[in-house]
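One structure is given here, and the rest of the page talks about it.
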Amino acid sequence: MAVDNGRRRVVVTGIGVVAPGEAGTKAFWDLLTAGRSATRTISTFDPTPFRSRVAAECDFDPEASGLTQRQIRQWDRTAQFAVVAAREALADSGVSGVNDPVRTGVMAGTACGMTISLDREFAVVSDEGRKHLVDDAHGVPYLYDYFVPSSMATELAWLVEAEGPVGVVSTGCTSGIDVIAHACDLIRDDAADVMLAGASDAAISPITVACFDAIKATTPRNDEPESASRPFDLTRNGFALGEGAAMFVLEEREHARRRGAHIYAEVTGYAGRCNAYSMTGLRVDGNEMAEAIRVALDRSRMNPEDVGYVNAHGSATKQNDRHETAAFKKSLGDHAYRVPVSSIKSMIGHSLGAVCALEFAASALAIEHSVVPPTANLHVPDPECDLDYVPLTAREQRVPTVLSVASGFGGFQSAIVLAGPEWSGA
Amino acid sequence: MAEFTLDDLIAVLKEAAGADEGVDLDDILDVPFTDLGYDSLALFNTVNTIERDRGIALPDETVVEATTPRLLLDAVNRGLAKAA
Amino acid sequence: MTEVVVTGVGVVAPNGWGVEEYWAATLAGRSGLGPLTRFDSSGYRAHVAGEVNFTPEDHLPGRLLPQTDHMTRLALVAAAEALADAGADPAVMPDFSAGVVTAASAGGFEFGQKELRALWSKGPAYVSAYQAFAWFYPVNTGQISIRHGMRGPGSALVAEQAGGLDALAKARRHVREGTALMLAGAVDGSLCPWSWLCLTRSGTVSPRRDPRRAFLPFDADASGGVPGEGGALLVLEAPERAAERGQHRHYGRIAGYAATFDPRPGSGRPPGLRRAIDTALADAGLGPSDIDVVFADASGVAEQDRAEAEVLSAVFGPRGVPVTAPKTMTGRLLAGGAPLDVAAALLALRDAVIPPSVHIAQPAHRDLDLVRDRPRPARLTSALVLARGHGGFNSALVLTR
C-alpha cells in the first residue's frame with residue numbers, strides 16, 4: 001500500500017464535462033474564461049405558464065456524443081450526460097485497460113435523478129394528471145431505471161468495468177462535492193485505487209421549474225435571459241436553473257505516478273456539515289459552512305492564507321450570497337478580503353447536484369491553466385458582499401490551491417480543497 | 001372581493017402548512033409567524049395559496065416582510081383592493 | 001482502528017411498530033404481508049405488500065405533516081426511537097458532534113405523485129413549496145438532522161436495496177474520524193400507484209395474490225419479491241465516547257464491511273457477492289468459521305437465490321452456517337430492508353436466538369441450512385448481513401458482540 005505520512009493520497013487524472021453551451025471540457029473552459037453566460041429562455045418545453053422561464057441549457061447532441069439509438073431512447077438525459085462526461089474523463093486519464101476491475105469503483109452524484117423522464121412518463125400514464133390510478137398499459141419498460149437513480153451508477157460501472165464499491169451520493173445541491181469526497185474516502189480507506197466519480201443533473205422540466213417557482217428561488221428576469229444569473233450583484237433576484245455533468249478519474253497518487261498519468265490536482269481535504277435549521281433556508285451567520293471550511297483546510301494541513309482561489313456557491317439568491325460571504329470571513333479571516341472569489345453559476349446557471357462537480361472541474365482547470373474564472377454579470381456590487389468576486393473578466397494568475405464550497409437543500413454545507421501537483425505544503 | 005380575514009388566514013395556514021398541537025391560533029394578530037412555528041416555506045405555501053385562490057399577485061417581498069398575521073392580512077387586502 | 005458500536009436501535013416494520021414489537025413478532029413468525037390496501041391494485045401486476053399503517057398525527061407535530069412523505073414520517077419515528085434507546089439527545093451535545101447518513105432508493109415518491117398530478121391536472125401554481133425537497137433522496141437525513149439538532153456530517157446514499165449497509169459503513173467512517181455520534185440506516189418504501197407501476201417494471205416483484213405464497217426466497221416455488229415499507233435506524237458511537245455521556249450498554253460492534261459490484265452480464269467474470277463477503281470478513285479480522293449466522297439478501301427471484309445459496313455454500317461449506325431471512329415477514333423494504341436485518345441480527349446476538357424465515361415449505365437448496373418457521377436458540381458471537389441491489393450492487397456487513 002502506498003502511503004505518505006501514513007495516509008493514501010488522491011489525485012485527479014481525468015476530467016469530462018457536459019455543460020451549458022457546447023459539450024466537452026474545452027468548450028466549458030472557453031466559456032468560463034471568456035466570461036460568457038449560457039443562460040437563455042427555456043427551449044425544451046413551453047415555459048409560458050411559469051414564473052421563471054430562464055435556464056442554462058446544454059446544446060447536447062446525444063448522437064454526435066456517441067450514444068446509440070437504444071441508449072438515447074432508454075436512458076434519461078441525466079444518465080446520458082453522465083456517461084458522455086465519463087467517457088471523456090476516461091479517455092483524458094488513459095486509465096482504461098490499466099485499472100484492475102476489483103480495485104475500481106464508481107460514485108455518481110445527483111440531486112434530481114431521472115426527473116425529466118419521470119415527469120414525462122407520469123403525464124402519459126396518468127393521462128395528464130386526470131388519473132390517480134396510473135395506467136399500467138402505457139408504462140414504458142424502463143420505469144424502474146428512472147425510479148432508482150442507482151441505475152446510472154450501473155451504466156457507469158459497466159463503462160469503466162468497475163467491480164469495487166459502486167453507488168450514488170445524493171445530498172441535493174452539495175451532491176457534486178460530497179460524491180467526490182466519498183470517492184476519495186474509499187480510495188484512502190484502500191477499498192479502491194481508481195474511482196470514476198462526479199455528478200449529473202438534467203432537471204429542466206416542468207415539475208422542477210414549478211417547485212422553484214413556488215419558493216421564488218429562481219430568477220424571474222425573463223426579459224434579459226443572458227444576464228439573468230447575477231451572483232453577488234445588488235440586482236440579483238434568484239438563481240437560473242442549469243443542467244450538466246462533470247465526471248472525474250480519481251486515483252491513488254502512487255497508482256497514477258507509476259503509470260505516468262497527468263495529474264491535474266490533489267484532493268487534499270473536505271468536510272460537510274448540516275445546519276439543522278431549515279430544509280431550504282440558511283442561517284445568516286454562515287457558521288456551518290465556516291466550520292466545514294475550517295475542517296476541510298485542517299485536513300488539508302493548510303492555513304487560510306494558503307487558499308489561492310475560492311470557487312463560491314454563488315447561487316445569486318440574496319440569502320446565499322450573504323450567508324456565504326459571512327462564512328468566508330469567519331473561516332478565512334482577513335485573507336477572505338485578499339483571495340479571489342468567483343461564482344461560475346453566473347455563466348452556467350445552477351445545475352443542482354451536478355453544479356459543484358462542474359465547479360470542481362473549473363477549480364482543477366484553474367490550477368492547470370493558472371486562470372481564475374470570473375463572476376459574470378456582476379456590475380453593481382451588493383455592499384453587503386464586499387469581497388473580491390473577480391467581476392466580468394478572467395484573471396491570469398498562479399492558482400496553487402482552490403477551496404470550493406456548496407450549500408444544499410436539506411441544510412447541507414460542504415467544502416473541498418484541491419492543490420496543484422507541485423503543492424508541497426500538505 | 002370580500003375582505004381577507006384572520007379566520008380565512010388560519011384556514012389557509014392549517015391547510016398549506018399544518019399546525020402543531022398546543023399552538024393556539026386565536027389572538028395571534030401580532031405574534032410573529034416564526035413563534036407560531038411557521039418558517040418561510042410555510043409562508044410561501046400560504047401566500048401562493050392565497051394568490052391562487054383570490055386571483056391576485058402579491059409582491060415577492062411579502063413573505064419576508066409580512067412577519068405577523070396582521071402584516072400579511074394588510075398585504076393581502078391591499079392586493080385585493082388593487083385588483084378590484 | 002477505533003471500535004464502533006451500536007448503542008441505539010429504532011425500527012418501523014410491517015410486522016411491528018418499534019424494536020420490541022418487531023422483534024416479538026419476528027420470533028413468533030408473524031408476517032406483516034397482506035393484500036395491498038392503499039389503492040386498488042387490480043389493474044397492476046402485483047397485489048401483495050408489507051404496509052406500515054399508522055396515524056401520523058399521533059406521533060409527529062402537525063406542522064411536519066404537509067411537508068413529509070409517508071416514508072419520511074416513518075423515518076422520523078424510527079430516528080426518535082433510536083436516539084431515545086441510546087439515551088442520546090444530540091441537541092445538548094457539543095456543536096457538530098452528531099451526524100446522519102441514510103440510504104434511499106426513489107425518495108418520497110408518493111409525495112411526488114401528488115405534486116406531479118397537481119402540476120399536470122391544474123397547473124404550476126398548484127405545486128407545493130415543499131415539493132422542492134419532500135420527494136428528494138436525502139430528505140430523511142435533512143429532516144432528522146433538523147428535528148434533533150444534528151449538525152455534524154450529513155449524507156444520503158443510493159444503491160437500490162444494498163445502500164442501507166453502505167450508509168452504516170459511511171457512518172462508521174465518520175465515527176472513526178472523530179464524530180461523536182452518527183445516526184444511520186434507512187427507512188424507505190413507496191406504496192402509491194405511480195411507484196407501484198415503476199416497482200413492477202423491475203421484473204422482480206411476485207405477481208401472486210396469496211400473502212403466504214408471494215415471497216418465498218430459497219423455495220422451489222419462488223416467484224419474486226414483495227415490496228414493503230419501513231426499516232431501521234441505528235446509533236453508532238465509539239464505546240469510549242458513549243461511556244463519556246454515561247451510556248455503557250451496546251448491542252454489538254460493526255466489525256467489518258465491504259461493497260462490490262457485479263461485472264456486466266455476459267462478461268464471463270464472476271459476480272461480486274463472494275468477494276464482498278470475503279473482504280468484509282477480512283475487514284473484521286474474522287474467518288468464515290467465526291460467523292454464527294447469516295442474514296441473507298433472499299431476493300425471492302429463483303436465479304438470484306441460487307447464486308446466493310451457492311456463494312454461501314462455497315464460503316462456509318455445505319450447511320456450514322445457519323441462514324435466515326426474516327424479511328419473509330416484512331417484504332423487501334427497498335433501502336430499509338438491510339438495516340432492518342442489521343437490527344434483527346443485533347437482537348439475535350443479544351438474545352442468543354436466530355429468528356426464522358417463514359412460509360418456505362419446499363427448500364430448493366440442499367446445501368443451505370435455512371432456519372425455518374421457529375426461532376433457533378444458538379450461542380451467537382457474530383453475524384453476517386448481506387444485501388444486493390438491482391443492477392449489480394453487493395454489500396456485506398459483519399456484526400460482533
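The values are calculated or read from the model by the stated rules, or taken from the named source; none is laboratory data. Please read these numbers as outputs of a predicted model, since none were measured by experiment. Here Cβ is always computed from backbone atoms with ideal geometry, including for glycine, and neighbour counts include all displayed protein chains.
Quick check on C:A361: is it buried (at least 24 other Cβ atoms within 10 Å of the Cβ) and farther than 30 Å from A:F147 by Cα? So C:A361 fails the test. Could you please give the count of residues in the stretch C:25-62 that are away from chain B (no Cβ under 14 Å) and assigned to a loop (DSSP other than H, G, I, E, B)? So the count comes out to 20.
Take C:A325 and tell me if it is closer than 29 Å to C:V19 by Cα and in contact with a Gly (Cβ under 7 Å, 6 or more places away or on another chain). Taking the combined requirement at face value, the residue does not satisfy it. Within the stretch A:244-268, residues that are part of a strand (DSSP E or B) have Cβ atoms under 7 Å from residues that are modelled with pLDDT under 95 and not hydroxyl-bearing (S, T, Y) in these pairs: A:E252/A:A2; A:A265/A:P421; A:E266/A:P421; A:E266/A:W423; A:T268/A:A426, counting only partners at least 6 apart in sequence or on another chain.
The set of residues from the stretch A:113-150 being charged (D, E, K, R), in a helix (DSSP H, G or I) and facing chain C (nearest Cβ under 7 Å) comprises A:D119, A:D136. Report whether or not A:A192 is aliphatic (A, V, I, L, M) and either within 7 Å of chain C (Cβ to nearest Cβ) or touching a Cys at 6+ places or on another chain (Cβ under 9 Å) (or both). No; evaluated as a whole, the condition is false for this residue.
Residues are listed down the side, and each one gets a yes or a no for (1) farther than 25 Å from C:V77 by Cα; (2) within 18 Å of the chain's Cα centre (by Cα):
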position	(1), (2)
C:G230	no, yes
C:L233	no, yes
C:H250	no, no
C:A258	yes, yes
C:F261	yes, no
C:G266	yes, no
C:A282	yes, no
C:G287	yes, no
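The set of residues from the stretch A:198-224 being within 22 Å of the chain's Cα centre (by Cα) and away from every other protein chain (no Cβ under 13 Å) comprises A:G198, A:S200, A:A202, A:I204.
Return yes or no: is C:A296 within 14 Å of another protein chain (Cβ to nearest Cβ), at pLDDT 95 or above and crowded, with 23+ Cβ neighbours inside 10 Å? So C:A296 does not fit the description; no. Total residues in the stretch A:338-375 satisfying the condition of being assigned to a loop (DSSP other than H, G, I, E, B), within 18 Å of the chain's Cα centre (by Cα) and either over 22 Å from A:D306 (Cβ atoms) or not hydroxyl-bearing (S, T, Y) (or both): the figure is 8. Per the listing A:D185, A:D178, the residue uniquely in a helix (DSSP H, G or I), closer than 25 Å to A:T208 by Cα and among the charged types (D, E, K, R) is A:D178.
Each row is one residue, and each column tells you yes or no for (1) at pLDDT 95 or above; (2) more than 19 Å from A:L234 (Cα to Cα); (3) crowded, with 24+ Cβ neighbours inside 10 Å.
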{"site": "A:M302", "(1), (2), (3)": "yes, yes, no"}
{"site": "A:V307", "(1), (2), (3)": "yes, yes, yes"}
{"site": "A:H313", "(1), (2), (3)": "yes, no, yes"}
{"site": "A:Y337", "(1), (2), (3)": "yes, no, no"}
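Report, by residue number, each residue of the stretch A:279-315 that is among the polar types (S, T, N, Q) and closer than 17 Å to C:D95 by Cβ. Passing the criteria: only A:N287. Restricting attention to the stretch B:35-62, which residues are assigned to a helix (DSSP H, G or I), more than 9 Å from chain C (Cβ to nearest Cβ) and surrounded by fewer than 16 Cβ atoms within 10 Å (Cβ to Cβ)? Of everything in the stretch B:35-62, those that are assigned to a helix (DSSP H, G or I), more than 9 Å from chain C (Cβ to nearest Cβ) and surrounded by fewer than 16 Cβ atoms within 10 Å (Cβ to Cβ) turn out to be B:D35, B:D53.
For the stretch A:58-93, the candidate set comprises residues that are of a type outside the set (A, V, I, L, M) and touching a Ser or Thr at 6+ places or on another chain (Cβ under 6 Å); within that set, the residue that is nearest to B:D60 (Cα to Cα) is A:T78.
Yes/no per residue for (1) surrounded by fewer than 23 Cβ atoms within 10 Å (Cβ to Cβ); (2) within 21 Å of A:I416 (Cα to Cα):
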position: A:T218; (1), (2): no, no
position: A:A228; (1), (2): no, no
position: A:G238; (1), (2): no, no
position: A:M247; (1), (2): no, yes
position: A:K318; (1), (2): yes, no
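Here is the figure for the stretch C:100-141: residues that are over 16 Å from the mean Cα position of the chain (by Cα) and either more than 7 Å from chain A (Cβ to nearest Cβ) or assigned to a helix (DSSP H, G or I) (or both) total 25. For the stretch C:113-133, the count of residues that are touching a Gly at 6+ places or on another chain (Cβ under 6 Å), more than 30 Å from B:R52 (Cβ to Cβ) and modelled with pLDDT of 95 or more is zero. Checked against the criteria, B:E15 does not count as in contact (Cβ under 8 Å) with a residue 40 or more places away in the chain, at negative phi and either part of a loop (DSSP other than H, G, I, E, B) or more than 11 Å from the chain's Cα centre (by Cα) (or both). The single residue among A:G167, A:G97 that is more than 25 Å from A:T44 (Cα to Cα), crowded, with 24+ Cβ neighbours inside 10 Å and either modelled with pLDDT of 95 or more or more than 7 Å from every other protein chain (Cβ to nearest Cβ) (or both) turns out to be A:G167. Filtered by the rule that a residue be closer than 28 Å to A:T317 by Cα and part of a loop (DSSP other than H, G, I, E, B), the stretch B:18-34 gives B:G18, B:V31, B:P32. Determine whether B:G55 is small (G, A, S) and touching a residue at least 24 places away in the same chain (Cβ under 8 Å). Yes; evaluated as a whole, the condition is true for this residue. Using the structure shown, decide if C:P227 is surrounded by fewer than 23 Cβ atoms within 10 Å (Cβ to Cβ) and either away from every other protein chain (no Cβ under 11 Å) or within 21 Å of C:A345 (Cα to Cα) (or both). No, not satisfied. Within the stretch A:352-387, how many residues turn out to be in contact with a Pro (Cβ under 7 Å, 6 or more places away or on another chain), aliphatic (A, V, I, L, M) and in contact (Cβ under 8 Å) with a residue 60 or more places away in the chain? Residues flagged as in contact with a Pro (Cβ under 7 Å, 6 or more places away or on another chain), aliphatic (A, V, I, L, M) and in contact (Cβ under 8 Å) with a residue 60 or more places away in the chain within the stretch A:352-387 amount to 3.
Residues in the stretch C:12-24 that are among the hydrophobic types (A, V, I, L, M, F, W, C) and assigned to a helix (DSSP H, G or I): C:V19, C:W23, C:A24. Of the strands (runs of 3 or more DSSP E) that lie entirely inside the stretch A:1-108, those containing 3 or more residues that are among the aliphatic types (A, V, I, L, M) span A:10-18, A:54-56. Residues of the stretch A:151-166 that are assigned to a helix (DSSP H, G or I) and not charged (D, E, K, R): A:S151, A:M152, A:A153, A:T154, A:L156, A:A157, A:W158, A:L159, A:V160. Of the residues in the stretch A:381-390, not one is part of a helix (DSSP H, G or I) and surrounded by 24 or more Cβ atoms within 10 Å (Cβ to Cβ). In the stretch A:188-202, the residues that are assigned by TED's automatic domain parsing to the domain that holds A:E243 and in a strand (DSSP E or B) form Cβ pairs under 7 Å with partners that are crowded, with 24+ Cβ neighbours inside 10 Å and hydroxyl-bearing (S, T, Y), at six or more places apart or across chains, as follows: A:V194/A:T104; A:A199/A:T110; A:A199/A:S175; A:S200/A:T78; A:S200/A:T110; A:D201/A:T78; A:D201/A:T110; A:D201/A:S351.
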